[in-house]
Every structure is written in structure tokens, then in C-alpha cells.
1. Against the globular-protein guess of 2.2 N^0.38 Å, express the Cα radius of gyration of segment 42-118 as a ratio, rounded to two decimals.
2. Say the cut-off is 25 Å between C-alpha atoms; which of Lys177/Lys208; Lys89/Lys189; Lys99/Lys208; Lys65/Lys241 go over it?
3. Tell me, what is the per residue accessible area of the chain in Å², probe radius 1.4 Å?
4. As a check on your grasp of the helix formula, calculate [θ] at 222 nm for the chain: sum -39500 (n - 2.57) over DSSP H runs of n ≥ 4, divide by the residue count, round to the nearest 500.
5. Round to the nearest 10 and give me the degree value, 0 to 90, for the angle of helix 3-15's Cα axis relative to the longest principal axis of the chain.
6. Where the accessible area of the chain is counted over protein heavy atoms with a 1.4 Å probe, how much of it, in %, is carbon and sulfur?
7. Can you tell me the relative contact order of segment 172-235? Whole percent, Cα pairs under 8 Å, sequence separation 6 or more.
8. With +1 on the Cβ of every Lys and Arg and -1 on the Cβ of every Asp and Glu, and nothing else charged, how large is the dipole of segment 72-190 about its Cα centre, in debye rounded to the nearest 20?
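The values are calculated or read from the model by the stated rules, or taken from the named source; none is laboratory data. Model, not experiment: these values are computed from the prediction. All Cβ positions, glycine included, derive from the backbone under ideal geometry; neighbour counts span all protein chains shown. These area figures cover heavy atoms from the full protein model, side chains too; ligands, DNA and RNA do not enter into them. Shrake-Rupley method; radii C 1.70, N 1.55, O 1.52, S 1.80 Å.
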Amino acid sequence: MPNHIKNIVICFYVLCLSVCSGAAFAATSGIKVECPREVAVGEPFVLTISAPAKVDDVNVVWLGKTISLKGQGKRAELMLPTPLETNEKSLSLLLLSAKGNMRIFSSSITVRQKDFPVQKLNVDPRFVTPPASEVPRIEREAKKLRAIYAGFTPERHWRLPLHRPLSGAITSEFGVKRVFNGEPRSRHKGVDLRGAEGTEIGALAAGKVVLAENTYYAGNLVVIDHGLGVFTSYSHLSKFKVKEGDFVKSGALVGLVGATGRVTGPHLHLGLIVQGESQSPEPLMPDFRKK
């Protein structure tokens, strides 16, 4: 077994005696781990692992998914999701050695439930019950987005706190229970921000544009891959200011506020997708409600 893996095993044997907390733990080997004791449904968190040697041979297991830290050097920062609609009281975090699949650390993180309000909206009926001719298109777009969000690139381009895309106030929060034209629909999987038609929208973080096209429900949609399983989406745009394949910096102009797709008026629907799960971006923007 490589020496750095031995050090990690020794370190995490000590850490297993405690629940992972927001403060960094450290053992004589110098390994440090940071993660919260408690997480709320629909809210992401960052797991940090650092070591004197590389953490390449460590895999993280969360929600049944194994995530490799290969290529992260001496310090890895991994954003992990908490499912919006889970009823679990706690979730298990597990670290394994990539060679031999040996358990090096496990912890139980408490899940806090939240109360979400109901939001009633009236929209064009074709966005509640789409015409049969549009169903194949809707299914193709949904399949394409699922494939994008299942992707994982090893370079991390995001940094915290995330950039606020525009200064408009929140008009619809993440997780609210949506009712369109009197018919219940799925939870709101993003945050809506007020903005006049044509308002400029900035990228939450650096990354590669992996989608920039018109879709049925989201209208003109931009999706950015920020690396390590983190994506952001920008819906209902009036104009694109990027194209697929572009690499953008944090705060770079990606599009203009519009009212395309299923909307009641001009606004930005902002999405954050972490390891395939839609999450609220608010916890990663300390000043999100101050503007």
C-alpha cells in the first residue's frame, strides 16, 4: 500500500471517533477533513480533504454514487448535494481507497427537513398540457439534459462564493410546490430572479458552455459545466451571448433576461445541478438576499 494511503488510513481511523464537522480535523499525519454535521434538504455542501501527499487514491461515496478524486493533488474540494425530496433523517458519507476499495472513513450526516410554500401561477395552457406534437421534443430535451448533468469533468473551475448573476430580487424560491393553472406540478428546481427584458446575466463561476439552445419549457437555455459534477443553468433568455464550446470566466456575460418558454413574465430562472441533483444556489452566495 502506498505510504500516502497508509497515512490517510491512520488519520481517518482517528477521525472515525468523531462526527465530521464544519471545523477542520487534523491528525499527526497532517490529513484534514471538513464537512458539515447537518445539511438541509435541497442544499449543497462542500467536502474538503487535504493531505501532505496526493489524494488521488481516495474515492468518495455519497448517495450511492462513487466519485473519484484523481487529479486533485494535495487538496480536493468536492461539492455534494442533499436531495430535495428525501425523507431520510441522516445520510452516510464514505471514503474508500481507490486501490483495494478499502474503507478509510465513514460518517453520518444529519438531514434537516424544511417547509416549502405552495405557489400558484397561471401560464399558457400549452405549457401545462403540451400538444401531442411537442411531446417527442420535450422527451428529447429531457434526455439530453439528464445526460449532460450526469457528466463529470476532473477539472474544478468553480470557487466560492459563487457570483451573483444579476441584482434582481428573488421572486420564486427553490423547492416551492408549483401549481400551474390549478394543476399541481413538480417542485421548483431553481431560483427565479427579477429582471427587466434585456438585463445582462453573469456566469456564477468559470466553466465551459455545454448547451446554448432553445428548449420547450426553459426557452432559450444556457448550461455551463464548472467541473467536478457542478453545472449551472440560465433559462428564459431573450438573447444568447455565448455558444456551445465557449469557456467563460466567473461573472462573464452569458445572456440577457427574457420571457421565453414557460413564464409569467421576464425573469431569470437560475439552476444549480450538483452530481445530477438540482440544488439551491443560495447557501453558496452569502449575500444572495441582501441585494
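1. Numbers: Rg = 14.2 Å, N = 77, 2.2 N^0.38 = 11.5 Å.
Ratio of Cα Rg to 2.2 N^0.38 Å: 1.24.
2. Values: Lys177/Lys208 31 Å; Lys89/Lys189 22 Å; Lys99/Lys208 31 Å; Lys65/Lys241 35 Å.
Correct reply: Lys177/Lys208; Lys99/Lys208; Lys65/Lys241.
3. On the way: 13700 Å² over 291 residues.
Accessible surface, normalised per residue, equals 47 Å².
4. Values: 2 runs with 28 residues, N = 291.
Result for the chain, helices only: -3000 deg cm²/dmol.
5. So the inclination is approximately 80 degrees.
6. On the way: 7000 of 13700 Å².
That fraction is 51 percent.
7. Details: 79 pairs, mean separation 12.6, N = 64.
Result for segment 172-235 is 20 percent.
8. On the way: 22 positive and 11 negative charges, 75 e Å.
With Lys and Arg at +1 and Asp and Glu at -1, about 360 debye.
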